[in-house]
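A.B. asks: Take this structure, written in structure tokens, and hold onto it; I'll ask about it next.
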Amino acid sequence: MQLRNLVWATTKHDVYTMHNQSVTHWSSLDQISTELINADDCIVPKQRGHGSQSVAMVQRLEDDGVVFSTRVTEDENAITNSLEIYQDPNLLSACNSSGSKRLAATSNDSSIRIFDIEYFDLLKHYTFPWSVNSVSVSPNGKMFAVLGDHEDGLVVDPNCGKAIGSLKGHLDYSFASAWHPDGNILATGSQDTTCRLWDIRNLSQSLAVLGGRMGSIRCIKFSSDGRFLATAEPVDFVHIYDSFADYGKSHEIDLFGEIAGLSFSPDTEAFYVGIADQTYGGLIEFTKRHQHHYLDSLW
């Protein structure tokens, strides 16, 4: 498990996780876990040969059953590294928001593929000089942050796949990125054990370097209000930074096990950490304490 973005909270009480070919919904209110997708039960296009199965599956949360599954690439050894759902700003309208939804899939065949979610057609296919580990979409949908098996990252125009900026500063391959809700700050995580912050208006150098404890930065998330930035190392350590203090104030969570992903709830009232460990694995929930200073008592 190299990439760690397998936890998503859609509300304070609804969390989706992936583990062992299965996507599961966890209700913190009912304390019930429900399997939604099991990849072993789904029909996908026949593979041409042996190797990894790079398959994307889509299910609407309000419906039962998978509505779409496809092989992302015909490269028999390619692995899908990340999936990102976003709105295409060129098609977004008040009367038809569903037709503007896109799925961006990255894989280590050096590609980003963009699918239409409504009809599940492959719309665009962009290639890069290295395996692509992560893509994240700016809040306005007009920029991709593309990271992979190279020290430098790219800011890319999603309409044509051309680089409009470069991110130079990391000393090793990069695995994760996230955009601040205001769209001006981009955070990137690397195997060099750092998270770097960039002002998208001036990419000549990073704004700040946030060091990890001992491992790569594999997952990065901003809270929806933009106040907090969370980063995760592969094992044991999660870091939370306060953007209101220019990221100079932080809190470290010391866990036990491999970290599968992080997610703030949309209202920022809850924070979830997935642990992928055969013995101690599970989902840890942290909730906000309002009676004290946030960072001193929250996590």
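The values are calculated or read from the model by the stated rules, or taken from the named source; none is laboratory data. Please read all numbers here as calculations on a predicted model, not as lab measurements. Methodologically, a virtual Cβ is constructed for each residue, glycine included, from the backbone with ideal geometry; neighbour enumeration extends over all protein chains shown.
A.B. asks: Just name the residue that is modelled with the lowest pLDDT out of those in the stretch 74-92 that are surrounded by fewer than 20 Cβ atoms within 10 Å (Cβ to Cβ) and closer than 22 Å to THR17 by Cα. Quick ask: steps written out before the conclusion?
C.D. replies: The initial filter retains those residues of the stretch 74-92 that are surrounded by fewer than 20 Cβ atoms within 10 Å (Cβ to Cβ), namely 74-77, 79, 83-85, 87-92.
Adding the requirement that they be closer than 22 Å to THR17 by Cα leaves 79, 83-85.
Details: ILE79: 85, LEU83: 91, GLU84: 94, ILE85: 92.
Looking at residues that are surrounded by fewer than 20 Cβ atoms within 10 Å (Cβ to Cβ) and closer than 22 Å to THR17 by Cα, I get ILE79.
A.B. asks: Filter the stretch 93-116 down to residues that are at pLDDT 85 or above and assigned to a loop (DSSP other than H, G, I, E, B) and give me whichever is farthest from THR80 (Cα to Cα).
C.D. replies: The extreme case among them is SER110.
A.B. asks: Report, ordered by the first and then the second residue, all pairs with beta carbons closer than 6 Å, sequence separation of six or more or different chains, a first member in the stretch 264-290 that is over 30 Å from GLN21 (Cβ atoms), and a second member that is small (Gly, Ala, Ser) and in a strand (DSSP E or B).
C.D. replies: If the second residue must be small (Gly, Ala, Ser) and in a strand (DSSP E or B), the pairs left are THR287/ALA270.
A.B. asks: A follow-up question, please. Check off (1) surrounded by 17 or more Cβ atoms within 10 Å (Cβ to Cβ); (2) among the aliphatic types (A, V, I, L, M); (3) assigned to a loop (DSSP other than H, G, I, E, B) for LEU210 and give me the number that stays unchecked.
C.D. replies: Answer for LEU210: the failing condition is (3).
A.B. asks: Right, next: So, of the residues in the stretch 142-189 that are without any contact (Cβ under 8 Å) to a residue 60 or more places away in the chain and aromatic (Phe, Trp, Tyr), which turns out to be surrounded by the most Cβ atoms within 10 Å (Cβ to Cβ)?
C.D. replies: Within the stretch 142-189, the match that is surrounded by the most Cβ atoms within 10 Å (Cβ to Cβ) is PHE144.
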